[in-house]
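The values are calculated or read from the model by the stated rules, or taken from the named source; none is laboratory data. Please read all numbers here as calculations on a predicted model, not as lab measurements. Heads up: the accessible areas ignore ligands, DNA and RNA and are worked out on the full protein's heavy atoms, side chains in. Shrake-Rupley method; radii C 1.70, N 1.55, O 1.52, S 1.80 Å.
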Amino acid sequence: MHENDNFIEVPFESRHQCWFCAEPAASHFTFPHQYHLVFNCQHPTLTVPSCSECVNAALKAKVRNIWQVDQYVKKFLIKKYRKDLAIGLNWTQEELANSGFEGGSFAGFQKSAWFMYEVAKERVSFRGWPLVVDGIEIEKDDGSDSFKFDGVCYPSIEEAIDHYSENFRLDAMFLRQVLAKIGIGKFAQAVRICRLYIGATPDEKSRALRDFESKLI
């Protein structure tokens with residue numbers, strides 16, 4: 001840690017939290033740092049409280065600013081929790097509670113699955129508090145937007161597309177093409193459409209896209 005590192009101001013209610021995921025902060029992360037030289041960083045050197053897991057992920061991010069580091073860490077968490085996040089895609093809490101797994105080999109899954117889904121969702125969806133140093137807020141300008149869907153806040157629409165494509169075995173490119181036709185505001189509808197075309201040929205998907213376009217004209 002260098003003497004001129006700028007520790008951000010931490011709200012009282014967040015004094016023990018990781019800036020990236022809200023888990024207990026046992027460490028801190030500084031950006032830019034000596035392992036990744038950045039020549040066009042838009043903000044001064046900043047130090048944020050962090051859990052050890054997020055620090056390890058953040059140090060691997062080869063990006064230009066602290067907000068892009070946050071996106072990188074969230075991508076890491078989505079990958080780490082892919083199976084846990086999939087619980088929320090395939091079950092509701094009530095369905096899982098009434099699944100009839102008691103006493104069987106899936107009893108442990110029934111007890112822990114929804115809890116792990118909630119943990120994963122909270123860590124992925126958490127957005128750190130504003131970055132303030134010496135009373136001055138560091139203005140965010142990273143040119144990217146998060147995308148919130150079904151209770152989970154993804155770092156970008158691309159991450160949501162990849163997550164749903166992987167879990168439902170969808171054609172990611174076809175999902176992008178459908179979204180381009182009907183808009184990201186109809187993400188749920190696009191996923192349902194793509195699930196109907198699992199295993200479809202390229203010609204069948206092309207015809208479907210042409211049908212969507214003709215209906216929108």
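Per residue, the convex hull around the alpha carbon atoms of region 129-187 comes to 108 Å³. Amide H to amide H, with H built 1.01 Å from N, residue 149 comes under 5 Å of 154, counting only residues 5 or more places away or on other chains. Along region 201-206 the Karplus relation, 6.51 cos²θ - 1.76 cosθ + 1.60 evaluated at θ = phi - 60°, assigns HN-Hα couplings of 7, x, 5, 5, 5, 5 Hz to successive residues, with x for each Gly and Pro. For region 15-28, putting each phi into the Karplus relation 6.51 cos²θ - 1.76 cosθ + 1.60 with θ = phi - 60° gives couplings of 5, 10, 9, 6, 5, 7, 9, 6, 5, x, 8, 9, 8, 8 Hz, in residue order, rounded to whole numbers and with x for Gly and Pro. Most simply put, the chain has about 85% antiparallel DSSP beta bridges, counting only bridges with both residues inside it.
The orientation-averaged projected area of the convex hull spanned by the Cα atoms of region 38-100 comes to 6.0 nm². By how many degrees, between 0 and 90 and to the nearest 10, does the Cα long axis of helix 107-125 differ from the longest principal axis of the chain? Computed tilt is about 60 degrees. Measure off, as a whole percent, the carbon and sulfur share of the 1.4 Å-probe accessible area of the chain, all protein chains present. Carbon with sulfur: 51 percent of the solvent-accessible area. 3J(HN,Hα) along region 40-54: 10, 5, 7, 10, x, 4, 10, 10, 10, x, 8, 7, 4, 5, 5 Hz, from the Karplus curve 6.51 cos²θ - 1.76 cosθ + 1.60 with θ = phi - 60°, whole Hz, x for Gly and Pro.
In the context of the full set of protein chains, residues of the chain present 58 Å² of accessible surface per residue (probe radius 1.4 Å, heavy atoms only).
When the Cα atoms of the chain are aligned to their principal axes, the ranges along those axes come out at 61, 53, 28 Å in descending order.
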